[in-house]
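Heads up, the thing below is written out as structure tokens.
The values are calculated or read from the model by the stated rules, or taken from the named source; none is laboratory data. As the structure is a prediction and not an experimental result, all values here were calculated from the model. Every residue, glycine as well, gets a Cβ built from its backbone with ideal geometry; the counts of neighbours run over all protein chains shown.
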Amino acid sequence: MKTAFVYILASKKNGTLYTGVTSDLVKRVANHKMRETEGFSSKYEVYILVYYECHDDLREAIMREKRIKRWRRSWKLELIEKSNPNWRDLYDDIVG
């Protein structure tokens, strides 16, 4: 089994949100920050890691990501603000 992460990036507090899943959170968020991947996050400048959760199973993480993507925006904001009320960039926390 491989550890997987569900994460949410934001453009700013209450800004555009991006939800993703990865097995390497540090590398994936760095890719977003360095704009190495073209797509939604690059187009809308969504680079601030505001939420993440760890899963023991990649399939479980993918299912969770899909559920979160279907949520209303207000639910996503509530999820973020429960653990990160100031919308800090959590990237520095995960790189050590």
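For Gly20, work out the one condition from (1) in a helix (DSSP H, G or I); (2) surrounded by 14 or more Cβ atoms within 10 Å (Cβ to Cβ) it doesn't fulfil.
Here Gly20 meets the rest and fails (1).
Out of the residues in the range 37-90 meeting the condition of being among the hydroxyl-bearing types (Ser, Thr, Tyr) and in a loop (DSSP other than H, G, I, E, B), tell me which one is nearest to the chain's Cα centre (by Cα).
Tyr47
Just to verify a result, which residue in the range 1-27, among those that are closer than 20 Å to Val95 by Cα and at pLDDT below 95, is nearest to the chain's Cα centre (by Cα)?
Thr3
I'm checking my understanding of the structure. Among residues of the range 55-89 that are acidic (Asp, Glu) and over 14 Å from Lys13 (Cα atoms), which one is surrounded by the fewest Cβ atoms within 10 Å (Cβ to Cβ)?
Asp56
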